[in-house]
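Engineer: Just dropping this structure here.
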Amino acid sequence: MGKEKETWNREEEVMRKLFLTVFYSGLSPKAPGTVGSFVALILGVLLLQYIPESTMFLLAFLISVIAVREINKYEKEVGEHDSKEIVIDELAGMWIALSICGITAENMYYLAPIAFVYFRIFDIWKPSVIGRIDKNVKGGWGVMGDDIVAGLAAGIATSGTYFLIEKYILPII
C-alpha cells in the first residue's frame, strides 16, 4: 500500500508538471513564456481544424479552472509564486485570443501570428488591469488572471487589426 501511494504521488507530480509546463515547454532556458505561448499557438491552430472557436473558448476556461487548483498545490509545494516554468496561463490566454479574434481557415495564416504578437505584448507589458491582477492577486488566480485578461485584450486587438486589414489593405492587393 505504501509503495502504491508513493508511485501515485510521483505519477501525479509528473502529470502536474506536464500540464503546468505545457508539455515541458516552460522548462525552456530562454523565454519560457514565449516558448509556451508558441506551443499554445501551434496546439490552438491544430485544434481549430477540428473544433469551433466557441469550444476552444470554453476549453480555455476549463483549463484555467483546473490550472488554478494545480498551481495552488504547486505553489504550496515549492513556496514560489508564478514560477517562470508555469506556462499553462499562456496557453489559456493564447487560446482565448484565438477564439475571439475572428479566425477562420481562410485567414488563419496571418491572424494567428498577429494574435500571438498581441498576446505577448499584453502579457509582457501588462498595461492597466493586467498589471494590477499580476501584482495584487495571489495564488492560482493571480497566475492565470493576468493572462486571461491579456488574451481577451489580444483577441480584441487582433480582431480590430483584421478589420483594418480587410477594409484598407486587402482591397488594394
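The values are calculated or read from the model by the stated rules, or taken from the named source; none is laboratory data. Because the structure is a prediction, the values reported are computed rather than measured. Neighbour counts run over all protein chains shown; Cβ positions are idealised from the backbone, glycine included.
Engineer: Working only within the range 132-173, note down all residues that are polar (S, T, N, Q) and under 16 Å from the mean Cα position of the chain (by Cα).
Structural biologist: 158
Engineer: Another question, if that's okay. Quick test for you: out of 105, 112, pick the one residue that is modelled with pLDDT under 95 and out of contact with any His (no Cβ under 8 Å at 6 or more places or on another chain).
Structural biologist: The unique qualifying residue is 105.
Engineer: If you don't mind, there's one more thing I want to ask. Among the residues in the range 121-139, are any in contact with an Asp or Glu (Cβ under 7 Å, 6 or more places away or on another chain), in a helix (DSSP H, G or I), of a type in the set (A, V, I, L, M, F, W, C) and under 18 Å from residue 41 (Cβ atoms)?
Structural biologist: Checked the range 121-139: no residue is in contact with an Asp or Glu (Cβ under 7 Å, 6 or more places away or on another chain), in a helix (DSSP H, G or I), of a type in the set (A, V, I, L, M, F, W, C) and under 18 Å from residue 41 (Cβ atoms).
Engineer: Tell me, please, whether a residue that is free of Cβ contacts under 8 Å to residues at least 60 places away in the same chain, crowded, with 19+ Cβ neighbours inside 10 Å, within 22 Å of residue 156 (Cβ to Cβ) and not acidic (Asp, Glu) can be found in the range 82-91.
Structural biologist: So far as the range 82-91 goes, no, none of its residues is free of Cβ contacts under 8 Å to residues at least 60 places away in the same chain, crowded, with 19+ Cβ neighbours inside 10 Å, within 22 Å of residue 156 (Cβ to Cβ) and not acidic (Asp, Glu).
Engineer: Being in contact (Cβ under 8 Å) with a residue 12 or more places away in the chain and of a type outside the set (S, T, N, Q) narrows it down to one residue among 124, 172; which is it?
Structural biologist: Just one listed residue meets the conditions, 124.
Engineer: Another question about this same structure. Can you find a residue that is part of a helix (DSSP H, G or I), closer than 29 Å to residue 80 by Cβ and modelled with pLDDT of 95 or more anywhere in the range 153-165?
Structural biologist: So far as the range 153-165 goes, yes, one or more of its residues are part of a helix (DSSP H, G or I), closer than 29 Å to residue 80 by Cβ and modelled with pLDDT of 95 or more.
Engineer: For the range 16-59, how many residues are of a type outside the set (Lys, Arg), surrounded by fewer than 18 Cβ atoms within 10 Å (Cβ to Cβ) and either at pLDDT below 95 or not in a helix (DSSP H, G or I) (or both)?
Structural biologist: So the count comes out to 8.
Engineer: Looking at the structure I just gave you, is residue 64 of a type in the set (S, T, N, Q), surrounded by 15 or more Cβ atoms within 10 Å (Cβ to Cβ), out of contact with any Asp or Glu (no Cβ under 7 Å at 6 or more places or on another chain) and farther than 30 Å from residue 163 by Cα?
Structural biologist: no
Engineer: Taking residue 51, is it within 19 Å of residue 139 (Cα to Cα) and not acidic (Asp, Glu)?
Structural biologist: no
Engineer: Across the range 105-163, what is the total count of residues that are of a type in the set (Phe, Trp, Tyr), under 19 Å from residue 38 (Cβ atoms) and surrounded by fewer than 16 Cβ atoms within 10 Å (Cβ to Cβ)?
Structural biologist: Here the count works out to 3.
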